[in-house]
Amino acid sequence: MKKLFLILLLLLQIPTISGQNQSEDPSSKKIIGTWYMDQNRDTKWVFSQDGKVYNYNKNIFKVMYGYTISHSCQNYLSETIEFITLMDKDGNEFCFRINAINENKNGILSLTKMDNMEQLLFVDNTDVIVRN
C-alpha cells in the first residue's frame, strides 16, 4: 500500500502535456502591438495589454478606444468566431469579426467591420506585402 501511494505521488508530479500547452497564443495576446492599415500605411492602431487601442494617422494621435475580444459582439454570437469590440469615450461600440491574427507568422491582421461587412487588413511591419 505504501509503494502504491509513492508511485501515485510520483505520477502526479510528472508534468503532463496537454493540448492547451501545444496550442497557440490566444487572440488577446497575438493582437498586442502596432498594426498598420494595409491600404494606408500612415494609419496605425496600437493595441496595448491594458485593453486600449490607440489610433494614429501620420504619427499624430487621433483617438483611443477600449477593446475587448470575445465570442459575442452586439447582436453577434458564436462559439467558434472571435469578435473585437471597440468602445469610444461616449460608449459607442464598433464590432469587428476577427478573421486572422498573424497566422503562420505572416504579419497580417484581418478584420471584418460587422455593420457594413468591410474587410480591413493591417500589417505588423510596413515592409509586409499583402498578396490577394
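The values are calculated or read from the model by the stated rules, or taken from the named source; none is laboratory data. The structure displayed is predicted, hence computed values, not measured ones. Cβ placement follows ideal geometry from the backbone for every residue including glycine, while neighbour counts extend to all protein chains displayed. When the accessible area is computed, the model is the full protein with side chains, heavy atoms only, and any ligands, DNA or RNA have been set aside. Shrake-Rupley method; radii C 1.70, N 1.55, O 1.52, S 1.80 Å.
Before moving on, here are some points about what is shown:
- Overall shape: oblate for the stretch 46-123, with the ratio a/c of the largest to smallest alpha carbon gyration tensor axis at 1.5 or above and b/c at least equal to a/b.
- Calculated log₁₀ intensity ratio I(q)/I(0) where the Debye formula runs over C-alpha points of the stretch 35-84, q = 0.19, 0.28 Å⁻¹: -0.72, -0.97
- Packing-based ranking of 93-102, 38-47 yields 93-102, 38-47, ordered from highest to lowest mean Cβ neighbour count within 10 Å.
- Surface share of carbon and sulfur [accessible, 1.4 angstrom probe, percent] for the stretch 46-132: 45
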